[in-house]
Amino acid sequence: MTSADPSDLIAVAGRYADPAGWPVPLRFARAERWYARLTVGPDHEVWALSWLPGQGTDLHDHGGSAGAFLVVAGTVTEETVSGGRLRPHRLVAGSGRRFGARHVHVVSNRGDQPAVSVHVYRPALRRMTRYRLAAG
């Protein structure tokens, strides 16, 4: 899922979809999910994340940055808040998700195979806020 528009964040993520071209080697870490910043530009930054089965994030935002992520291997599940509940959406390799500056979500690997994703943020991340969903 890529776009011809070079400013589209999914298209930016697509340019980094091949780990062989990364400035750091892809890793998988059992203790916690692995991540590395691949590049930073004047208006965005790009991160690679690996997800072993069972690894995931807390409910969080991106501190006012818009973004997108592209799954380059495996499957991840994104959960967003709707009606006081977390609603899951599975994303398989080749699919991605764009989101605005106020987006709050959880991302995890619920499958039985490792997963890899590339995330782009505009502007570069300055902070992330973590949330807890309490009875709607």
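The values are calculated or read from the model by the stated rules, or taken from the named source; none is laboratory data. This one's a predicted model, so the numbers in the text were calculated from it and none came from an experiment. Ideal geometry is used to build each Cβ from the backbone, glycine not excepted, and the neighbour counts take in all protein chains shown. Only protein heavy atoms, including side chains, enter the accessible area calculation; ligands, DNA and RNA are left aside. Shrake-Rupley method; radii C 1.70, N 1.55, O 1.52, S 1.80 Å.
For a quick check of your reading of the filter: which trypsin sites (Lys or Arg not before Pro) in the stretch 106-136 sit in a DSSP loop and have no more than 10 other Cβ atoms within 10 Å?
Working: sites: Arg110, Arg126, Arg127, Arg130, Arg132; in loops: Arg110, Arg126, Arg127, Arg132.
Here the trypsin sites (Lys or Arg not before Pro) that fit, given the DSSP loop and packing criteria, are Arg126, Arg127, Arg132.
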Excluding Arg87 itself, what net charge comes from residues whose Cβ is under 10 Å from its Cβ, given Lys and Arg +1 and Asp and Glu -1? -1
Output the relative contact order of the stretch 9-130, whole-number percent, from Cα pairs under 8 angstrom with separation of 6+ residues. 36
Using a 1.4 angstrom probe, figure out how much accessible area the chain has per residue, in square angstrom, rounded to the nearest whole. 54
Quick one: grab Rg to one decimal and Dmax as a whole number for the stretch 59-131, Cα atoms only, in Å. 12.1, 33
